[in-house]
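Remarks on the structure that follows.
The values are calculated or read from the model by the stated rules, or taken from the named source; none is laboratory data. What you see is a predicted model, and the numbers here were worked out from it, not measured in a lab. Note: ideal-geometry Cβ built from the backbone for every residue, glycine included; neighbour counts use all protein chains shown.
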Amino acid sequence: MQRAIARKSPKSKVPPLLPERFADWFASRGWQPRPHQLALVEAAQARRSTLLIAPTGAGKTLAGFLPSLIDLTERPANEPRLHTLYISPLKALAVDVQRNLLRPVTEMGLPIRIETRTGDTPQGRRQRQRLIPPDILLTTPEQIALLISHCDAGRLFGSLCAIILDELHALVVNKRGDLLALGLQRLLSLAPGAIVTGLSATVARPSELQAYIVPQRPDDGFTRLADKVVLKGGAAPQIRILGADDTLPWSGHSARHAYAEIYAEIGKHRLTLIFVNTRSQAEVIFQSLWRLNEETLPIALHHGSLDVGQRRKVEAAMAAGSLRAVVATSTLDLGIDWGDVDLVIHVGAPKGASRLAQRIGRSNHRLDEPSQAILVPANRFEVMECRAALDAAKEGAQDTPPIRPGGLDVLAQHVMGTACAGPFLPEILFHEVRGASPYAALTRDQFDRVIDFVSTGGYALRAYDRYARLKPNHDGGLRIAHPNLAQQYRMNVGTIVEMPMLKVRMIGKNRRFLLRDGKPGGPSPMMGGKYLGEIEESFIEMLAPGDTFIFAGHVLRFEAIRESEAFVSRTEGVDAKVPAYAGGKFPLSTYLAARVRDMLADPNAWKALPKPVGDWLRIQKKRSVIPRADQLLVETFARRGRYYLVCYPFEGRLAHQTLGMLLTRRLDRAGARPLGFVASEYSLAIWGLEDMSAMIADGRLDIGTLFEEDMLGDDLDAWLESSNLMRRTFRFCAVIAGLIERRYPGKEKTGRQVTVSADLIYNVLREHEPRHILLEAAWADAASGLLDIARLGLFLERAKGHILHQALARVSPLAVPVLLDIGKESVPGDAAESLLRESAEDLITEAMRDG
Amino acid sequence: MGSAAAAKAASDFESWRIELGGVPLLADMSGVLMIEDECVLVVSDLHLEKGSARAYRGTFLPPYDSRTTLARLARAVERLQPRTVIALGDSFHDVGGCERLCTEDRAALGRLQKGREWVWIAGNHDPVLPIELGGDRAGSWQHGGLTFRHEPTPLSADEIAGHLHPCARISRDGHSQRRPCFAFGSGRLLLPAFGAYTGGLNVLDPAVAALFAGEMAVAAVGRSGVYPVAMRQLRGD
């Protein structure tokens, strides 16, 4: 199905693909229409849906719109009708695209009206857009969900000729992608003549995106694919690894050793983009660079916690060419074109080959020149990961995660939305829904249960039949029981429920009998004391009340989550059980993990690594053992009155953290008296008061049983009982599915009578109807998301019979990085710095010394 | 609970003994109150059919709260064998709640009522109850010098009430719990809400605290005991 993009038509003189006015415009700007741009014009003329895969800076957006601009110019409409719908993941992107699109439209004097529609668009204009639509509407997935829930959706979208999905690779990975997939099928039912154009960065499995943009018919037994146009990046990127000399740290994520070199590189380039994995890293590097900044080069900072106005300023300054460097997190990952970047520096591990390729693609927008990139590993394991990513980039290997099956909670929302627009026949909707590739495997039983959920809550106890939200029509169709339900639905549309950051607050001392406003029964005072900062919600999710962790230089004990605040108390003289994580939220991809395991297993591959890393591995080989790529190495040893078990699954921090929680429970039952654990992207260390080497030797502890797959049964259940994670995941699903109404800021319902908390609902549902569809949805989310159970399960299966246990006399070199994480996390404050350094040196000497 | 608590036998926390107006009372670990000498059991704020109360507006909470609540009450009744049960108001979440109660749950309630006196005190949620429900009805009820009513009154003495859903937040050794509780003092006793979907109001909230003029003893209802809590251990929300 792939078309050769450089294909020359044998009769290239007749008929030309570009009308004269367009050809002249390209010529007047001194440009040639690019082959992929012409390929999309040709595809549109043949009315074929097409996926365009192209690196940044290839004129992707113009390519997407060119067929519509031509069509609208050649066949102007007599009355206002919507011709083209453009959907992007970001409001800002829609606005940016409008700006870029207006240029050719104005310069060619085309009679085309282009408008945006986002959550920020005033109500009046939104209503007018439904009555008098523009030719081209630029919008977001949520707005599509809203628009198709109106009864005039057929009139509005019936005239559609083209649907353009921008940054498709970023849209499809989450529940917004599910919502859009369902909305897209609805649009294609309303406008069967419309073609879909997907615009995407390079991905591992383009066929997933090709399938996403065309209706599927799963019963045919094969997947339908849109055409594909691929524009390869021109020259291969030039990537090197920086700062891997003797100063290379053993652990940590700051990469402080390389700041001077990074600063020097900024001085040598026009505009350098410095990507990091977390906000806190961004802050640290930004401040450190300014301390070095004797030439006062204009260096800026861009990340998601910054005020929007500030971010817009930075973006404008980049576009205007008045900056020399920007330190950024993933907020700069998506498509907006911000100027003439000629170097990308990636600090820390890239986590995935595709992720790295997309970030490197930010540099050098002229396709024929190679992109320049520098990787800065922050510790020894990251050197191996960077090396693996660099090799992958040379081969052009991709590892974007596979698209997950569509969420049942999102489907429930879509079913209600469909009903709000008018009566529907379940049979027909079922086929339409299965036309969306994430739902191609949906069974009729699941679909019927979702319909039942939407209609009456889907409970085995038929308590709500007489209140059904969907009523049968005479023709077997379903319609909403009351127009108020449509209003209620529109208030709750969307899949973004996340509160990704929680405020961390101390429990106040002596907070009692506090009056707020002096009104009895008014909002009760939070138990809040000092505000410490913000922390990733996904981290707090992992904790049960009583768990200790490090934050803002203190050892804190987690107490509870209330609304969007995590309450903590200070504890003294204890180790933090779960350290705060300074890496990114993206786990190491399975693909890079496999490459790193291979590299570790093969001493020949060590030659390509910097000397300190090679030495480290050679001493590991001597002192302990180097596991084969298919083996799981488990080391046990004693150190300073504590007994350690360290294993190296290389499965990413999320899976390791789940593993740590479960292993700790098992070790506790076995009598090993575990005290805590720490998980990194590469390994997991557990420590306790019993000698685990001795326990394994005398048979009290069986290492095979310890890593038995059945830990994902009862042990997992028991842990989930006590952690907030499932409750919160359930709440998200319940909100998306419409069981609980969204809480809007300032409109939170208070008072004990009005709301029933999601916790109480979760408890009762688990007890009485554990197979309810929302519990199923919540479990699916937890398994693929925060717990990464799916990956852990595969790992345990792989490890079975391949565990290589080493009882050691002392700490092994490979264990040093993760052990340093414990030490670092447990000794807070500047005063402890020298103590810390001394113990770290002790640890390293102990691991690396001969004999 | 701390080690001192653990040293006591679990049975020590089955109930909390107090005296109001000269009448000895047992605040039971299940969240009900027993007047032992009279074999009277008092339970407050069952809020039966709260789950189904918003169904007419299209919100379908799991309809299993009534049976969860009734099963818990049945266990308490089985253990304590009262001759009289006083339901202290808001027994149903709304006036229509009784009719929505499904046959099975209705039968479960019938079994509880059978062979004992039953008094429904009117609450703000259930000012009237259908006659088929059986039992006696009262706005308030006097017994042995004590007054039983749904909403606490500011100046009353020797009063037993519910309505406020008192709840205690306790923090100890860094562990934190928020549990329904009994609140006792200044000549009154507040009962915890018993229903499965009932939230709670912190006893440090002015709406509760104002009734006690600073003189309040609290016992939190745990999973397997009722635990007196010192004022200094209480935390606001």
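Observations
- Screening residue B:121 against (1) of a type in the set (A, V, I, L, M, F, W, C); (2) surrounded by 23 or more Cβ atoms within 10 Å (Cβ to Cβ); (3) within 11 Å of chain A (Cβ to nearest Cβ) leaves a single unmet condition, (3).
- Count - residues of the stretch A:261-281 that are within 28 Å of the chain's Cα centre (by Cα) and closer than 18 Å to residue A:360 by Cβ: 8
Conditions (1) farther than 30 Å from residue A:375 by Cβ; (2) not in a loop (DSSP other than H, G, I, E, B), marked per residue:
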{"position": "A:181", "(1), (2)": "yes, yes"}
{"position": "A:185", "(1), (2)": "yes, yes"}
{"position": "A:197", "(1), (2)": "yes, yes"}
{"position": "A:202", "(1), (2)": "no, no"}
{"position": "A:210", "(1), (2)": "yes, yes"}
{"position": "A:216", "(1), (2)": "yes, no"}
{"position": "A:225", "(1), (2)": "yes, no"}
{"position": "A:247", "(1), (2)": "no, no"}
{"position": "A:253", "(1), (2)": "no, no"}
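- Of the helices (runs of 4 or more DSSP H) that lie entirely inside the stretch A:338-437, those containing 2 or more residues that are buried (at least 24 other Cβ atoms within 10 Å of the Cβ) and not basic (Lys, Arg) span A:353-360, A:380-395, A:408-421.
- Matching residues in the stretch A:444-463 - criterion: being among the aliphatic types (A, V, I, L, M) and modelled with pLDDT of 95 or more: A:450, A:451, A:454
- Residue that is modelled with the lowest pLDDT, among those in the stretch B:153-163 that are part of a loop (DSSP other than H, G, I, E, B) and touching a Gly at 6+ places or on another chain (Cβ under 8 Å): B:156
- Wholly enclosed helices (runs of 4 or more DSSP H) of the stretch B:1-118 bearing at least 2 residues away from chain A (no Cβ under 14 Å) and not hydrophobic (A, V, I, L, M, F, W, C): B:65-80, B:103-113
- For the stretch A:448-484, filtering for residues that are assigned to a loop (DSSP other than H, G, I, E, B) and over 36 Å from the mean Cα position of the chain (by Cα) leaves 12.
- The number of residues in the stretch B:141-152 that are free of Cβ contacts under 8 Å to residues at least 60 places away in the same chain and in a strand (DSSP E or B) comes to 3.
- Here residue A:395 fulfils each of the conditions (1) farther than 30 Å from residue A:230 by Cα; (2) without any contact (Cβ under 8 Å) to a residue 40 or more places away in the chain apart from (1).
- Just one of (1) touching a residue at least 24 places away in the same chain (Cβ under 8 Å); (2) not in a helix (DSSP H, G or I) fails for residue A:69. It is (2).
- Qualifying residues in the stretch B:184-204 (those that are closer than 12 Å to residue B:46 by Cβ and more than 9 Å from chain A (Cβ to nearest Cβ)) - the one farthest from the chain's Cα centre (by Cα): B:195
- Residues (at pLDDT 85 or above and either among the polar types (S, T, N, Q) or surrounded by fewer than 19 Cβ atoms within 10 Å (Cβ to Cβ) (or both)) located in the stretch A:321-337: A:321, A:322, A:324
Every residue, every condition in (1) within 14 Å of chain A (Cβ to nearest Cβ); (2) crowded, with 18+ Cβ neighbours inside 10 Å; (3) in contact with a His (Cβ under 6 Å, 6 or more places away or on another chain), yes or no:
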position	(1), (2), (3)
B:156	no, no, no
B:160	no, yes, no
B:181	yes, yes, no
B:206	yes, yes, no
B:210	yes, no, no
B:215	yes, no, no
B:218	yes, yes, no
B:221	no, yes, no
B:232	yes, no, no
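- Positions within the stretch A:371-403 being of a type in the set (S, T, N, Q) and more than 20 Å from the chain's Cα centre (by Cα), in sequence order: A:371, A:372, A:379
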